[in-house]
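Asker: What follows is a single structure, and I will ask about it in a moment.
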Amino acid sequence: MGMSEQKTTAGQGVVIDGKAVAKKLRQSIAHHVEVLVGDHKIMPGLAVVLVGDDPASQIYVANKEKMAVAAGLRSYVHRLPKNTSQDALLELLRKLNKDKKVHGILVQMPLPKQIDTATVLRVIDPAKDVDGLHIENAGRLASGLPGLVPCTPLGCLTLLRGIVPNMSGLHAVVVGRSNLVGKPMAQLLLRENCTVTIAHSRTPQLPHITRQADILVVAVGKPQLVKADWVKPGAIVLDVGINRDGGRIVGDVDFDDVRGVAGYITPVPGGVGPMTIACLLGNTVAACCRQNELTVPELR
Ligand code: NDP
């Protein structure tokens, strides 16, 4: 099965240990970085741009920097004041596009009001767009062409592959249709030959639909929305949600309730979250290889 997991008592789903899978993936990435440095004298570089002082964003950026450095990558963090103009940000991105030491560029979201997110995403060189949010990369994914895929759905796919190497014919239900998570997740599952249903806020009888899922991915942003009677017995449930509930962080799935019926389930925290950062590092290494016309390693 190749996946680190916690076996539990009868009637309780297996808890998918995203932290352990992410650690293994980061080790594999670190190994490939060593090869790039040792054999090719190339040091993969990731530039992260943070505009403003949103506390959650600051934590995310600090984590990305720490993990990048730990995997042997070079990290360039650009912290800009919250009143930064759109032109100033675009100018920095154009400079990073040209910088040969930078192979991946990520702009931390959300951006302050004076900056138009869509414009910013269009300016990043698609070859360096390690968040996979440029329309060229979205189009590549939709057309079945190689490109950079958003990190969270890529992390979910990696977790799924560890459980079911062959997903062909399974019914996957994705709840949420954002460009960041839901839509690319659905595309990836389609590529795995799943039958894919995408649900969202206008979907009537949502529990009826989610109950049909062999694979259920929930990316909504509503604390503990999904209950046990929304889930088919034995289903694989991936919970992407990160919601602050008082001092606690909870997912979009009622973990204690759903665990009694699911076959496999990700916890929050410690499930999908750690996979997102690991996949960001993986995307940076892949982008670096492509930019240097080297074979992109299979990272797992
Ligand atoms: P968005 O707010 O962009 O999208 C949420 C989606 O959920 C929308 O498509 C919306 O539908 C749908 N939705 C909202 N309410 C309901 C409902 N009651 N029933 C069904 N569908 C609903 O969020 P993101 O996709 O960016 O993120 C989703 C969650 O994942 C958030 O909690 C976020 O914090 C978390 N996240 C976690 C990451 C990680 O690393 N683990 C990374 C990225 C996000 P509609 O389109 O109709 O409005």
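Asker: Given the chain, what whole percent of its Cα pairs are spread farther than 36 Å?
Answerer: Pairs farther apart than 36 Å: 16 percent.
Asker: If you don't mind, there's one more thing I want to ask. Give me the percent of accessible area attributable to carbon and sulfur for the chain, probe 1.4 angstrom. Write down the numbers at each step before the final one.
Answerer: Details: 7510 of 14170 Å².
C and S fraction of accessible area: 53 percent.
Asker: Please tell me the relative contact order of the stretch 74-134 in percent, rounded to the nearest whole number, where contacts are Cα pairs under 8 Å and at least six residues apart. Numbers along the way, then the final one.
Answerer: Details: 41 pairs, mean separation 22.9, N = 61.
About 38 percent, as a whole number.
Asker: Could you do me a favour and compute the accessible area per residue for the chain, 1.4 Å probe, result in Å²?
Answerer: Normalised by residue count, the accessible surface of the chain is 47 Å².
Asker: Let me ask you something else. Using the basic label-point model (7 angstrom from Cα toward the beta carbon), what is the ARG244 to LYS66 distance in nanometres?
Answerer: Using points 7 Å along Cα→Cβ, the separation is 1.8 nm.
Asker: Across the stretch 167-180, in residue order, what do the Karplus-derived ³J(HN,Hα) couplings come to in whole Hz, using 6.51 cos²θ - 1.76 cosθ + 1.60 with θ = phi - 60° and x for Gly and Pro?
Answerer: Those phi angles translate into 9, 3, x, 6, 8, 9, 10, 10, 9, x, 9, 6, 5, 7 Hz.
Asker: Can you run phi through the Karplus equation (6.51, -1.76, 1.60; θ = phi - 60°) for the stretch 84-89 and list ³J(HN,Hα) in whole Hz, with x for Gly and Pro?
Answerer: 4, 7, 4, 4, 5, 5
Asker: Only Cα pairs under 8 Å and at least 6 apart count here; give the relative contact order of the stretch 166-224 as a rounded whole percent.
Answerer: In percent, rounded to a whole number, it is 47.
Asker: If you take the square roots of the eigenvalues of the alpha-carbon gyration tensor of the stretch 93-236 and sort them as a ≥ b ≥ c, do you get rounded (a/c under 1.5), prolate (a/b over b/c) or oblate?
Answerer: Details: a/c = 2.65, a/b = 1.75, b/c = 1.52.
Since a/c reaches 1.5 and a/b is larger than b/c, the shape of the stretch 93-236 is classed as prolate.
Asker: With a Förster radius of 25 Å, plug the Cβ-Cβ distance of ARG122 and LYS82 into 1/(1 + (r/R0)^6) and report the FRET value to the nearest 0.05.
Answerer: 0.70
Asker: Estimate the FRET efficiency between HIS31 and ASN166 by the formula 1/(1 + (r/R0)^6), using the beta-carbon distance for r and 35 Å for R0, to the nearest 0.05.
Answerer: Efficiency computed from Cβ-Cβ geometry: 0.85.
Asker: If the reach is capped at under 13 angstrom between alpha carbons, list the aspartates and glutamates near LYS222, excluding any in the same chain fewer than eight residues apart.
Answerer: Reachable aspartates and glutamates: ASP239, ASP245, ASP252, ASP254.
Asker: Using Cα centres only, tell me the gap between the stretch 169-220 and the stretch 101-141 in whole Å.
Answerer: 24 Å
Asker: Go through the chain and flag any cysteine with no other cysteine's C-beta closer than 4.7 Å, please.
Answerer: That list is CYS156, CYS194, CYS288, CYS289.
Asker: Only loop residues by DSSP count here, and only those with at most 16 other Cβ atoms within 10 Å; note down the trypsin sites (Lys or Arg not before Pro) in the stretch 104-199 that meet that.
Answerer: LYS113
Asker: Run through all the Cα pairs of the stretch 247-300 and give the fraction in each 5 Å bin from 0, expressed as whole percent.
Answerer: Per 5 Å bin, starting at 0, the Cα pair percentages come out as 4, 16, 18, 14, 11, 11, 10, 8, 5, 2.
Asker: Over the heavy atoms of CYS289, what accessible area does a 1.4 Å probe trace out, to the nearest 10 Å²?
Answerer: Roll a 1.4 Å probe over it and CYS289 shows about 10 Å².
Asker: Answer rounded, prolate or oblate for the stretch 140-196, using the Cα gyration tensor with square roots of eigenvalues a ≥ b ≥ c: rounded when a/c is under 1.5, else prolate when a/b is larger than b/c, else oblate.
Answerer: Cα axes put the stretch 140-196 in the rounded bin.
Asker: List the relative contact order of the stretch 1-115 as a percent without decimals, with contacts defined as Cα pairs under 8 Å and 6+ residues apart.
Answerer: Relative contact order comes out at 28 percent.
Asker: If each of MET43 and GLU91 carries a label point 7 Å out from its Cα toward its Cβ, how far apart are those two points in nm?
Answerer: Distance between the two pseudo-spin positions: 2.7 nm.
Asker: Answer with one residue from VAL250, VAL237, PRO110: the one whose Cα lies farthest towards the positive end of the charge dipole of the chain, charges on Cβ with Lys, Arg +1 and Asp, Glu -1.
Answerer: It is PRO110, whose Cα lies furthest towards the positive end.
Asker: What list of ³J(HN,Hα) couplings, whole Hz, do you get for the stretch 25-32 from phi and the Karplus terms 6.51, -1.76, 1.60, once you set θ to phi - 60° and write x for glycine and proline?
Answerer: Karplus values, whole Hz, x for Gly and Pro: 4, 5, 5, 5, 5, 4, 5, 5.
Asker: Which links in LYS128/LYS232; LYS66/LYS100; LYS66/LYS101; LYS24/LYS64; LYS64/LYS227 stretch past 28 Å when you go from one Cα to the other?
Answerer: Long pairs (Cα-Cα over 28 Å): LYS128/LYS232; LYS64/LYS227.
The values are calculated or read from the model by the stated rules, or taken from the named source; none is laboratory data. As the structure is a computational prediction, the values presented were derived from the model and not from experiment. Positions of Cβ are backbone-derived with ideal geometry, glycine not excepted, and every protein chain shown enters the neighbour counts. Please note that ligands, DNA and RNA were not included when accessible areas were found on the heavy atoms of the full protein model with its side chains. Shrake-Rupley method; radii C 1.70, N 1.55, O 1.52, S 1.80 Å.
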